[in-house]
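*Asks:* Input: one structure, supplied below.
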Amino acid sequence: METFLFSSRGRTERPAAHHPNFGHHQKGSRSWILLDLEQEHFCFRGTYFDVVIDAVHMLTGKGDDIKTPSHALKMGHSLKKFCHILIGEALRKNDTARKEEVHCFLELIENEWSEKVSKHALETMAKRKFNKPMGIPLTEDVVKLSTHIKDNLEQLLKSNITNEDKHHRLMELTLARIVIFNKKRSGEPSNITG
């Protein structure tokens, strides 16, 4: 078996040096959980599930104070991946006891991870998306754009050139003018059939 570093960014990497079997480690600006799969005293057992949850909360935050909700979600996927690796190795060695321990841990992840970690992470992501300020353009900028589009339309209509490029440019400018004019329902021009 190998030793893996489990990053707060959801990645798994092999460490350069030997670290304790399970712990929290600072590496640069990132936090890491170290999982030494070789050692028997830290196993993916149901008895260690709450320790893993606490470590994830230590790295990403807990409840409404989650700093990196996407990392918390990625850690859940990585833990499942580790469990499947361990189950595969236990099957190869015909170690049914080890397989059952890891399978119990995997069941806990599938049953409780969503309530203890994923739910809060997804709520935090939804709140941040909802509360994200929208950049509404200034009135002067909308007027400048409208004037620019209107001037370009007039120039194209006055020109005697008739080709496919002019027709395409006229369509684009007309669509832009409709979207600006109908800014309350800007998606409606996509429903116009020709």
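*Asks:* Residue by residue through segment 61-79, note down the ones that are of a type outside the set (S, T, N, Q), surrounded by 15 or more Cβ atoms within 10 Å (Cβ to Cβ) and assigned to a helix (DSSP H, G or I). It would help to see each step written out before you state the result.
*Replies:* First, pick out the residues of segment 61-79 that are of a type outside the set (S, T, N, Q): 61-67, 69, 71-77, 79.
Now drop any that are not surrounded by 15 or more Cβ atoms within 10 Å (Cβ to Cβ), which leaves 61-62, 66, 69, 71-76, 79.
Hits for segment 61-79 are Pro69, His71, Ala72, Leu73, Lys74, Met75, Gly76, Leu79.
*Asks:* Another question, if that's okay. Modelled with pLDDT of 85 or more, in a helix (DSSP H, G or I) and surrounded by fewer than 10 Cβ atoms within 10 Å (Cβ to Cβ): is that true of Ala97 in this structure? Break it down stepwise before answering.
*Replies:* Working: modelled with pLDDT of 85 or more: yes; in a helix (DSSP H, G or I): yes; surrounded by fewer than 10 Cβ atoms within 10 Å (Cβ to Cβ): yes.
Here the answer is yes, as Ala97 does meet what is asked.
*Asks:* Suppose we filter segment 55-98 for residues that are among the acidic types (Asp, Glu) and touching a residue at least 40 places away in the same chain (Cβ under 8 Å); how many remain?
*Replies:* Of segment 55-98, the ones among the acidic types (Asp, Glu) are 64-65, 89, 95.
From what's left, touching a residue at least 40 places away in the same chain (Cβ under 8 Å): 64, 89.
The qualifying residues number 2.
*Asks:* Can you tell me how many residues within segment 110-153 are surrounded by 14 or more Cβ atoms within 10 Å (Cβ to Cβ) and not assigned by TED's automatic domain parsing to the domain that holds Gly61?
*Replies:* The total comes to 5.
The values are calculated or read from the model by the stated rules, or taken from the named source; none is laboratory data. Given the structure is predicted, the values throughout are model-derived calculations rather than measurements. Reconstructed Cβ throughout: ideal geometry from the backbone, glycine too, with neighbour counts over all protein chains shown.
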